[in-house]
1. Take the Cα pairs of region 197-246, get the Kirkwood Rh, then feed it into Stokes-Einstein at 4 °C and 1.567 mPa s and tell me D in µm²/s.
2. What does the extension gain come out to for residue 105 and residue 50, with contour length at 0.36 nm per residue minus their alpha carbon separation?
3. Is region 1-100 best put as rounded, prolate or oblate by its Cα gyration tensor, with a ≥ b ≥ c the root eigenvalues, rounded for a/c under 1.5, and otherwise prolate when a/b is larger than b/c, oblate when not?
4. Which angle from 0 to 90°, rounded to the nearest 10, does the C-alpha axis of helix 18-29 make with the longest principal axis of the chain?
5. Using square roots of five times the C-alpha gyration tensor eigenvalues, list the equivalent-ellipsoid semi-axes of the chain in whole Å, biggest first.
6. Ranked by accessible surface with a 1.4 Å probe, highest first, in what order do 223, 79 come?
7. Over the chain, what is the relative contact order in whole percent, taking alpha-carbon pairs under 8 Å and six or more residues apart?
8. Treating only the Cβ of Lys, Arg, Asp and Glu as charged (+1, +1, -1, -1), what charge dipole size does region 1-125 show about its Cα centre? Round to the nearest 20 debye.
Amino acid sequence: MAGRLAGKVGLISGAARGQGEAEARMFVAEGASVVLGDILLEEQGRVVDALGDRATGVRLDVTREEDWQAAVETALSTYGRLDILVNNAGIFPIEKLEETDLELWNRVIAINQTGVFLGMKYAVPAMRRSGGGSIINISSIAGLIGSGMATAYHGTKGAVRLLTKTTALECAKDNIRVNSIHPGGVDTAMLDVLDPEARQASTQIHPLGRLATVTDIAYGVVYLASDESSFVTGTELVIDGGYTAQ
């Protein structure tokens, strides 16, 4: 079904590598134009060069309002509209409650939670002018269940889940759909914070016996970005190899 996103314009945060890069590549393959936002400009540039004229890179620190405003304006000035926002950027510190100092707590909230809020705040008016759109917020199974570690990460991913739901209700009248995706463990550099033993345990606890690939998650993002999901809003798409079914 090539061309599932034909004519659409997307903006993806954290798009220089890993999951965000896979989403950007799949968007272009499915006919969309895409603005890749990241602070890793060298890596981002290589992806943009590989994707051609339907890809544009912008510096996007998701904690900065002015960066979000500029990213949305880039989409509008370069491609004329904005149809899709993927709030993909995030960090994954694994400190437990008493190990989490206030500086780390605030940093995780700024990136994982405030970044999602700012992205939606500035994307919604542009989508309204385009006649609607789709916002996909990358949460985690850590927004659904606990793990006994990663206190700040869990807090922010749970917040993203409910922020998604209330924004979906607010924006339904404008034909803007808002959904969250909840991956299990994904085989990216984000898991480098785990030691080899913990990484192996994380792999084995998935009933399908492996971690997700970035492509596994990107297919879910494309579905929610496409018109195939035109009656889907305010809900969670769990892509976790059966992890939360246990």
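1. On the way: Rh = 12.4 Å.
The diffusion coefficient I find is 104 µm²/s.
2. Numbers: separation 55, 0.36 × 55 = 19.80 nm, distance 3.63 nm.
Net length gain for the segment: 16.2 nm.
3. Values: a/c = 2.01, a/b = 1.64, b/c = 1.22.
Prolate, because a/c is 1.5 or more and a/b exceeds b/c.
4. Approximately 30 degrees, to the nearest ten.
5. Values: eigenvalues 149, 71, 68 Å².
That gives 27, 19, 18 Å for the three semi-axes.
6. On the way: 223 75, 79 50 Å².
Putting 223, 79 in descending order of accessible area: 223, 79.
7. On the way: 512 pairs, mean separation 47.4, N = 246.
Once divided by the residue count of the chain, the mean separation gives 19 percent.
8. Details: 12 positive and 19 negative charges, 120 e Å.
In debye, rounded to 20, region 1-125 gives about 580.
The values are calculated or read from the model by the stated rules, or taken from the named source; none is laboratory data. The model shown is predicted, which means the values in this text are computed figures rather than measured ones. Neighbour counts run over all protein chains shown; Cβ positions are idealised from the backbone, glycine included. The protein model used for the area step is the full one, side chains on, heavy atoms only, and it has no ligands, DNA or RNA in it. Shrake-Rupley method; radii C 1.70, N 1.55, O 1.52, S 1.80 Å.
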